[in-house]
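The values are calculated or read from the model by the stated rules, or taken from the named source; none is laboratory data. Everything numeric here is computed off the predicted structure, so don't read it as measured data. Note that we place each Cβ from the backbone using ideal geometry, even for glycine, and neighbour counts take in every protein chain shown.
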Amino acid sequence: MNRIALIVDDSPSMRAMVAHTLASAGFEVLQGEDGRQATAFLDGRHIDVVVTDLNMPVMDGIALIKHIRAQPGYRFTPVLMLTTESQETRKLEGKKAGATGWLVKPFNPEQLIAVVGKVVKQP
Amino acid sequence: MPERMAERAVAIHVGGVHVARGPGVVRTLLGSCIAACLFEPTSRVGGMNHFLLPRGAATAPDPARFGIHAMERLINRMMAYGADRGGIVAKLFGGGHVLATDESPNSVPIQNVRFIQEFMAIEDIPVVARDLGGSHARLVVFETGTGKAYVRRLRPAAMPTLPRTERRIRRGDVARPKFGDVTMF
């Protein structure tokens, strides 16, 4: 059975790029264009990893992570922030919200696959 | 182009981005590079970037990711200033063939132009003006508070340092792209 990744980014180009990368690593990919759209996927289905942008309209990445951590079935789901922001204060904000890791764009596809591979539980 | 405006503008170069809310002027000089001037009318936030798609083994197989990064930096910064992403419009400039070797279909200028036009279509950002391609350099001045843009076309011969600068940029001597770092918590 394929592992499932939820990708959240308001840029269709970036979603396509991340989706292509994770699909090449064998993931089935779900996509949301902002945090609120992404929450619709938290309906009890199994999700192996969430990769989310930070700056998005409607609901940003920090708010999404807090929402994910508040759902009983997703408290321990790995959530990676993939963002242009690299300031330590923002990273700390992400850590406090419950992020598993913080990747700064532009991302190295091989590195993204390696990081996702480390945080996703093996079947 | 009002001359005094260009003189007092904030200047950006390759890899640069400048955003402001309300009155402000930014300028840049383009050869084969692209400058995207974005404006959001309700918040009166505007910004400009300056980039080109890098080449070389380090960026294979997809140099477009660096162009996407340049655009995302600009858009995210505009959103931080209060711009509504859905209301942004664009004016695009650059992609000039300023070197004698630039004429092939996969040349740097043509790839840059192809990238930015495809990006705008995919991101659903309306392009309300463009001056792309050709065989001239451009001085672009952009008013962040109104979205007005001014372009002066320049013959490369009128700027003797431009071919040398272009070659440096393409060799990666300037603004060499690199991937972001990773922090695990």
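Here are some notes:
- Candidate set: segment B:110-128, residues that are more than 13 Å from chain A (Cβ to nearest Cβ) and touching a residue at least 12 places away in the same chain (Cβ under 8 Å); chosen: the one farthest from B:Arg65 (Cα to Cα): B:Val128
- For A:Thr89: the one exception among (1) among the β-branched types (Val, Ile, Thr); (2) at the interface with chain B (Cβ under 8 Å from one of its Cβ atoms); (3) surrounded by fewer than 18 Cβ atoms within 10 Å (Cβ to Cβ): (2)
- Checking each residue in segment B:85-116 for being at pLDDT 95 or above and among the acidic types (Asp, Glu) picks out no residue at all.
- For the condition among the β-branched types (Val, Ile, Thr) and closer than 16 Å to B:Gly86 by Cβ, A:Val58 qualifies.
- Taken as a whole, segment B:151-164 holds at least one residue that is more than 14 Å from every other protein chain (Cβ to nearest Cβ), within 17 Å of the chain's Cα centre (by Cα), modelled with pLDDT under 95 and not in a strand (DSSP E or B).
- Conditions (1) touching a strand residue (DSSP E or B) at 6+ places or on another chain (Cβ under 7 Å); (2) surrounded by fewer than 21 Cβ atoms within 10 Å (Cβ to Cβ); number of the one not met by A:Gly73: (1)
- Test: A:Ala19 is free of Cβ contacts under 8 Å to residues at least 60 places away in the same chain, part of a helix (DSSP H, G or I), more than 10 Å from the chain's Cα centre (by Cα) and more than 28 Å from B:Gly82 (Cβ to Cβ): yes
- Test for A:Lys121: is it surrounded by fewer than 18 Cβ atoms within 10 Å (Cβ to Cβ), assigned to a loop (DSSP other than H, G, I, E, B) and not aliphatic (A, V, I, L, M): yes
- Residue in segment A:38-55 that is under 26 Å from B:Ile75 (Cα atoms), of a type outside the set (Gly, Ala, Ser), at the interface with another protein chain (Cβ under 10 Å from one of its Cβ atoms) and more than 10 Å from the chain's Cα centre (by Cα) present: yes
- Contacts under 7 angstrom Cβ, first residue in segment B:16-31 being modelled with pLDDT of 95 or more, partner of a type in the set (Asp, Glu), 6 or more apart: B:Val25/B:Glu143
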